[in-house]
Amino acid sequence: MINALTYLTRRCPNKCSYCRISRERVQEMPPSDWSRAWSILKELGVTFNLILGNEPWILGRDLPTIMQHNQTPFAMYTSCNTLLYTAYSRSYFNSFLDNFSCAVDYSKDYLHEKAFHVDDMERKSENSWFLLRCVKEDYPKVDCQGLITIHAKNLEQVPAIVKDLSDMGVFVGVNLIHHARDDQTDFAPTKEEMDGFLLDSDFDHPRLKKIFDAVKAIPNNLVMNPDYLDYDTNDLIRKKYHCLGNPYGGPTIDADGSLRCCGYRKGKLTRTFHIFDLPKRLEQWKDAVMEDAMGCAGCSWGYMLMYHKLLSDPEFGKKVFTKHAIKGLEESKWSQRKIE
Ligand code: SF4
Ligand code: SF4
């Protein structure tokens, strides 16, 4: 089991005020170059690629061109921009795309109460609920996932979000909010920018434990990373976990083709490599990731933790990532994907 992560673009039409990763302008690789990158992932034996944008759908008609030669199972996140969905959903779902993954951070009831007074972040969740319902109705075979980023303002809503998504047949990922602890963590805003969102380890960890217990008690829940609910909540909040130099086995590709240490960190050494340096400079790249990662104070990132946990049963692990296999859930309810 070898996983990768790819940022196809840093552009996003939503321009959320707190978004840090979109602040740096990146010269995107030409669409035709991605076929070479996909061949390299295949050659490296990558079994799953997590594709992020910021908003891949902003690539419009180039996105099918970019994806046409991909042979690696993937999940592609979208920020659920309704205009992009209207413009491209039919052509994407009828060609390369059989997955719809997005962020769902607020419950339906909460958003209903806020009505027209939602902020950037809440509007994103509002669009996610709306578009997940559209996909479920119009493209029932498309594999859907909602990722909940847990923070101080949505903590109590998490069980309701899990229940409603599961009832819709949408798989659920859970992850804790992260902030930048140094200048290398370009994925997340700084502590100051996240004022009011960060959980306090001493005060919040028993509450988080109670919420995790409530989620575990939801019958037929579709949480795809249930192990996350069993970690020590104090350690999760304190970001006490570490990839030990191997975030998830394979490379992290940025939109310009350069490599990153992991999805959260760019890394000083790793970013001097390009995906086209692999597999020729494989050992040097691994050393660079190791050195960059060892300069990191740690994280509680669900993708990394899941990968490491599932290494004990890699054959099942591959199915978790590619088709949302969940122990105890009948196999007929896992997703059937075009590329497995
Ligand atoms: S939707 Fe996500 S990627 Fe887009 S601007 Fe907002 S936070 Fe950034
Ligand atoms: S511990 Fe590893 S995976 Fe987590 S942020 Fe640091 S370098 Fe990335």
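Values quoted throughout were computed directly from the atomic coordinates according to the rules given, and no laboratory measurement underlies them. Remember, it's a predicted structure, so these values are computed and weren't measured experimentally. Cβ atoms come from the backbone with ideal geometry, glycine included; neighbour counts cover every protein chain shown.
Could you work out how far the C-alpha centroid of the range 249-290 sits from that of the range 23-87, in angstrom? Distance between centres, Cα-based: 17 Å. Only alpha carbons enter this Debye calculation for the range 155-287, each as an equal point scatterer, and the log10 of I(q)/I(0) it gives at q = 0.10 Å⁻¹ is -0.45.
Stretched out straight at 0.36 nm per residue, the stretch from SER95 to GLN71 would grow longer than its current Cα-Cα span by 7.3 nm. Among residues other than GLU28 with Cβ under 12 Å from its Cβ, the summed charge is -1 (Lys and Arg +1, Asp and Glu -1). The helix-based estimate of mean residue ellipticity at 222 nm for the chain, built from -39,500 (n - 2.57) per DSSP H run of four or more residues and divided by its residue count, is -10500 deg cm²/dmol to the nearest 500. Shown here: the range 3-333, whose C-alpha atoms stretch 52, 45, 41 Å along the first, second and third principal axes, sorted largest to smallest. Packing around the peptides 225-231, 73-79, 189-195, taken as the average count of other Cβ atoms within 10 Å per residue, puts them in this order, highest first: 73-79, 225-231, 189-195.
Taking all Cα pairs closer than 8 Å and separated by 6 or more residues, the relative contact order of the range 47-201 comes to 19 percent.
Please go through the range 10-110 and write out the GluC sites (Glu not before Pro) that DSSP classes as loop and that have at most 14 other C-beta atoms within 10 Å.
Working: sites: GLU24, GLU28, GLU43; in loops: GLU24, GLU28.
Filter output for the range 10-110: GLU24.
The HN-Hα couplings worked out from phi for the range 180-193 by the Karplus form 6.51 cos²θ - 1.76 cosθ + 1.60 (θ = phi - 60°) are 6, 9, 7, 6, 8, 7, 8, 6, 10, x, 6, 4, 5, 5 Hz, whole numbers, x standing for Gly and Pro.
Give me the percent of DSSP beta bridges within the chain that run antiparallel, rounded to the nearest 5. Here the antiparallel bridges make up roughly 15 percent for the chain. Sorting the segments 80-86, 12-18 by their mean number of nearby beta carbons within 10 angstrom, highest to lowest, gives 80-86, 12-18.
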